[in-house]
1. Just one of (1) out of contact with any helix residue (DSSP H, G or I) (no Cβ under 7 Å at 6 or more places or on another chain); (2) part of a loop (DSSP other than H, G, I, E, B) trips up T492, so point out which.
2. Restricting to the range 306-349, what's the tally of residues that are under 19 Å from D578 (Cβ atoms) and part of a loop (DSSP other than H, G, I, E, B)?
3. I need every pair where a residue in the range 644-659 that is touching a residue at least 12 places away in the same chain (Cβ under 8 Å) has its Cβ under 7 Å from the Cβ of a residue that is in a strand (DSSP E or B) and aromatic (F, W, Y), sequence separation at least 6 or different chains.
4. Please verify whether the range 395-405 includes one or more residues that are buried (at least 24 other Cβ atoms within 10 Å of the Cβ) and within 23 Å of P563 (Cβ to Cβ).
5. Working only within the range 269-300, note down all residues that are buried (at least 19 other Cβ atoms within 10 Å of the Cβ), at pLDDT 95 or above, in a loop (DSSP other than H, G, I, E, B) and not hydroxyl-bearing (S, T, Y).
6. Among the residues of the range 394-406, is there at least one that is of a type outside the set (S, T, N, Q), farther than 25 Å from D303 by Cα and touching a strand residue (DSSP E or B) at 6+ places or on another chain (Cβ under 8 Å)?
7. Which one of the conditions (1) touching a strand residue (DSSP E or B) at 6+ places or on another chain (Cβ under 6 Å); (2) surrounded by 24 or more Cβ atoms within 10 Å (Cβ to Cβ); (3) at positive phi does G502 fail to meet, given that it meets all the rest?
8. With the condition kept exactly as written, say whether any residue in the range 571-591 is of a type outside the set (D, E) and under 21 Å from G422 (Cβ atoms).
Amino acid sequence: MPKKKSMTVRRALSLVLAYVVLCLAGGVVTSLFFLPAVFGANTVARTITPSLQVEGIDFDVTSLPQQSRMYASDGSLIATFYSQNRVVVPLKDISDYMQKAIVAREDRRFFEHSGVDVQGVLRAFVQTYVAGGDMQGGSTLTQQYVKNVLMVQAREDDDPIGEYHAQEDTIARKLREMLIAVQMEKQYSKPEILQGYLNIAQFGSNNLYGVETAAERYFNTSAADLNIVQSATIAAITKNPTKYDPSIEENLEESQKQRDIVLGLMLDQGYISQAEYDEAVNTPIQDTLDIQSVNQGCQSAGDAAFFCSYVTTKILNSEEFGETEEDRRKLLNEGGLDIYTTMDVNANSAAMQAARDTIPPEDLSGMEVMIAAIRPGTGEVLGFGINRYYDATDAAATDQTKTSMNYMVDQVDGGGWGVQVGSTWKPINMVAWLQQGRSINESLRTSTSYSLSSFNCNGYSFANTTWHVENSGGGTVSPETPLQGLIRSHNTTQASMASQIGLCAIADAATAVGYHNAPATAMDVYSDNSFNAPMTIGSVQASPLTMANVYATLGANGVACTPIAMTSVTDKNGNEIDVPDANCHQAIDPEIAQTVAYALNQGVVTAGGEAATTQLDNGRKTFAKTGTNENTYMLTAGFVPNTVAAFVAVGDAQDPINNNFDYKTINGVYHSNWYGMYIATPAWKQFMNTYLAAINAPIDNDYGQPAARYLTAGGVRSSQSSSDADGASDEAATDETQSADQ
């Protein structure tokens, strides 16, 4: 085995000579070692170093990955997103103490050298190879900035080999850094380089980068307001971000020691006075800290997490934020976005509270309470409520109180398959009826049996079989008007209406007011699994948000909007990014919206209809409809004109068939047969009253003025033969969805 060569003084000096000669790339520089005053090396280096063009490297501080921030409509922070937790700030917004502390700690001759500190290089090599001490780098702030930029760029390019080479402990890497550093000093001023370093350096163990984020993390302040002690504490961290991070309790002693070293350097270099030094070193580090959370993403958003997940999914699905989902995710995590959302803190809080008050998360029934709220006439989603805690970790798989599934939205937006909406659909039938010029007081013959062919329309035809449909208590009531059918929530009257105007009229009306199905593969109302006769009594799968939006159209004088979650987004350079448009438009005749609203209020709520229990506080005019989908879902929907529309669904969103409401004890209350008014209505009413009180919404009871042409009474009309009316039900509690006989 060959004998290991020992390090000789001659070999060490040869390495030093080669190192400096190569890094400064000029033969004349070798003579500098023989100059009596080594300080002169820096001045000479400025003039003799050849030009070196560095291709493909962007040293612009604004190009650094930055955290994105999501805000509620009142400007409060919901969540942050980042691959590197960084907020870039200009040098003018970084305190003078912080600038001096980092120069004192990292590069005392920063303002003298030309990118490479020859004295530092000599000292490092003598210490490392001659004296046999620890490895010394001799890096300037400029070199460290270069190293960090190369590492960031390699990560951006998904180049792990490049990232490794950017930080490997070799002379080759040092040479490259030096060459680039010298060229940088020709292109950028010292303040620009200092600004870049202070924004790119790592200042903590929790993926913490840049002084602005460090100031917030450790002291709950801004970089502009950092004092002497705080600046010295942060400047000390970058030498070893894990070991010197003061937020870690076991690091406190070492963190204070390193802080005091920085304070000593600041004193020695004339940056602070003796009195300032004495006061600072006598201040215990733990007395200066105000540690803030560094949790990121929706996981850290608390009760706003479900809304947060809706917004992030919207971003990832929207081409405005990039061509591919990967591009959009990168923009969210690195683009320094300021995302201003429509979430109303009062609405979201009220919805979450109402959901959990109705059925506590730990309730053995396993039922979900799902609430969605939207502002009529704007499309602005105000908030979501669910009796669960947001958790996107594996813990949610075995804990019924936790979930990351937003059941309140469509499948494409991160939700599920939706809920069968039951009788809350029936106002849509009324819209379609009025669009055909019919009256809400027209007397109709009803039946318990309808030929499916009677629903044919516009080229759509159905099998020549019979649909058997009854009211909640069985049988039918004949004759009955559409208004009475809505008040009593009678299924047979809905079927009679549809058989006369055709199912297409109802599907078109549904689309006009903002309805679509929740499943991603069948969102069109004309899809096979929804476009059938039972549609008329709510046997469709829709998200609570979609149904809230339908009622918002009725509460906005017929103006329909696409739900939106964001009002504006700006990137790290302050440029506006287009956000999805609400596309608000007059979807149905205002007279139709007013007449349906009249029917919901005068008939369904105030005239002893099945939604009488929805009446809101303080005599506020109430427009609402309850529903029950057999024994699987309990529902309530309604609106306050131009203020808020909300939809509540209660059921087991994961397994509604096997976990139904029959003979169930929920939140300490037992019913053999549950109805929407027992559980969904109280949740809806609590949310509405709480939110309206929180925003001090004025009471305006003028809405819901019917058009005279839709009130004219008519004779008995029906395209069906008369059927017996045995078992007629005026029960004001519920409806029952029936499937067609095959």
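The values are calculated or read from the model by the stated rules, or taken from the named source; none is laboratory data. Predicted model, so just to flag it, every value in this text is computed and none were measured. All Cβ positions, glycine included, derive from the backbone under ideal geometry; neighbour counts span all protein chains shown.
1. Single failed check for T492: (2).
2. Of the residues in that region, 7 qualify.
3. Listed pairs, sorted by first residue: A645/F639; A649/Y633; V650/Y633; G651/Y633; P656/Y633.
4. Going residue by residue through the range 395-405, those that are buried (at least 24 other Cβ atoms within 10 Å of the Cβ) are none.
There is no residue in the range 395-405 that is buried (at least 24 other Cβ atoms within 10 Å of the Cβ) and within 23 Å of P563 (Cβ to Cβ).
5. Of everything in the range 269-300, just one residue is buried (at least 19 other Cβ atoms within 10 Å of the Cβ), at pLDDT 95 or above, in a loop (DSSP other than H, G, I, E, B) and not hydroxyl-bearing (S, T, Y), namely I272.
6. As a first pass, look at the range 394-406 and keep what is of a type outside the set (S, T, N, Q): 394-397, 399, 402, 405.
Within this subset, residues satisfying the condition of being farther than 25 Å from D303 by Cα are none.
No: zero hits.
7. Among (1) touching a strand residue (DSSP E or B) at 6+ places or on another chain (Cβ under 6 Å); (2) surrounded by 24 or more Cβ atoms within 10 Å (Cβ to Cβ); (3) at positive phi, G502 violates only (2).
8. In the first step, residues of the range 571-591 are kept if they are of a type outside the set (D, E); the result is 572-575, 577, 579-580, 582-588, 590.
From what is left, the residues that are under 21 Å from G422 (Cβ atoms) are none.
Scanning the range 571-591, I find no residue that is of a type outside the set (D, E) and under 21 Å from G422 (Cβ atoms), so the answer is no.
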